[in-house]
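The values are calculated or read from the model by the stated rules, or taken from the named source; none is laboratory data. This one's a predicted model, so the numbers in the text were calculated from it and none came from an experiment. Using ideal geometry, Cβ is built from the backbone for each residue, glycine included, and neighbour counts are taken over all protein chains shown. SASA here: full protein model, heavy atoms, side chains in, ligands and nucleic acids out. Shrake-Rupley method; radii C 1.70, N 1.55, O 1.52, S 1.80 Å.
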Amino acid sequence: MEKEKRRVIIDCDPGIDDSLAIMLALSMEELQVEGITIVCGNSPVEMGAGNAKKVLKQMDRLEIPVFRGEAVPLKREYVNALDTHGADGLGESFLPEVPGYENSMTAQEFLKKRFVPGQEGGPCSVIALGPMTNLARLLSDCPEAILSMDRIVSMGGSFK
């Protein structure tokens, strides 16, 4: 009997660490990644979206949608970490850009569609790997959305 997979959305700021986490999640038989939402953090949101697509292409998983989210933090000025993650945000890998595969829906629209009560889709968890700005914006606009989330797993922390 096949075990049911845990459905997840990965909310991240793809630099080196989040890219590796995406690869791990995609390799796990226990998880079904429904989408990847991008937030500014280690890399700017546009670069992060491009990096997520590069990882998905490398893993032959371009069917997973990527949604661009918040481009600036809610409470402070945006500072990236490209000094750590490299000019391309992926440790100077300089993988080619993945053309096409664009999503007109924003991360906020996708998260609202997935988590506002009454929507279909069954249980789904959020794995938050970067700043939680997308989730903060969602819960500020629709506090009831948290009731539809199976779990929120956060890789939180700061070194400053």
- Note on the structure: In terms of the alpha carbon gyration tensor, root eigenvalues a ≥ b ≥ c, rounded if a/c is under 1.5 and otherwise prolate when a/b exceeds b/c or oblate, the chain is oblate
- Go ahead and set up a Gaussian network model of the chain, Cα springs under 10 Å, then flag whichever of Gly122, Gly48, Gly86 fluctuates most. Gly122
- Message: Rounded to the nearest 10 Å², what accessible area does Met23 have for a 1.4 Å probe in the complete protein model?
- Response: 60
- Between rounded, prolate and oblate, where does region 1-82 land on the alpha carbon gyration tensor, with a ≥ b ≥ c its root eigenvalues, rounded for a/c under 1.5, else prolate if a/b exceeds b/c? prolate
- Measuring from centroid to centroid over Cα atoms, what is the spacing of region 61-104 and region 1-51 in Å? 12
- Query: Accessible surface of Arg76 in the full protein assembly, 1.4 angstrom probe, to the nearest 10 Å²?
  - Reply: 140
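What FRET efficiency do you get for Val79 and Lys113 if R0 is 25 Å and r is their Cβ-Cβ distance, rounded to the nearest 0.05?
0.20
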- Message: In whole Hz and in residue order, list the ³J(HN,Hα) couplings for region 61-67 that follow from phi through the Karplus curve 6.51 cos²θ - 1.76 cosθ + 1.60, θ = phi - 60°; x for Gly and Pro.
- Response: 10, 5, 6, 7, x, 10, 10
- Query: Under a 5 Å amide H to amide H cut-off, with H placed in plane at 1.01 Å, what residues pair with Ile127 once short-range neighbours are removed?
  - Reply: Ile9, Ile10, Asp11, Val153
- Task: Round to the nearest 10 and report in Å² the accessible area of Glu70, as given by a 1.4 Å probe over the protein chains' heavy atoms.
- Result: 30
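Using +1 on the beta carbon of Lys and Arg, -1 on that of Asp and Glu, and nothing else charged, what's the dipole of region 64-160 about the Cα centre, debye to 20?
Numbers: 9 positive and 12 negative charges, 76 e Å.
With Lys and Arg at +1 and Asp and Glu at -1, about 360 debye.
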- Calculate the spin-label point distance for Gln58 paired with Asp141, positioning each point 7 Å from the Cα along the beta-carbon direction, and give it in nanometres. 3.1
- Heads up, region 60-152 by the C-alpha gyration tensor (a ≥ b ≥ c square roots of eigenvalues; a/c under 1.5 rounded, else a/b over b/c prolate, else oblate) looks oblate
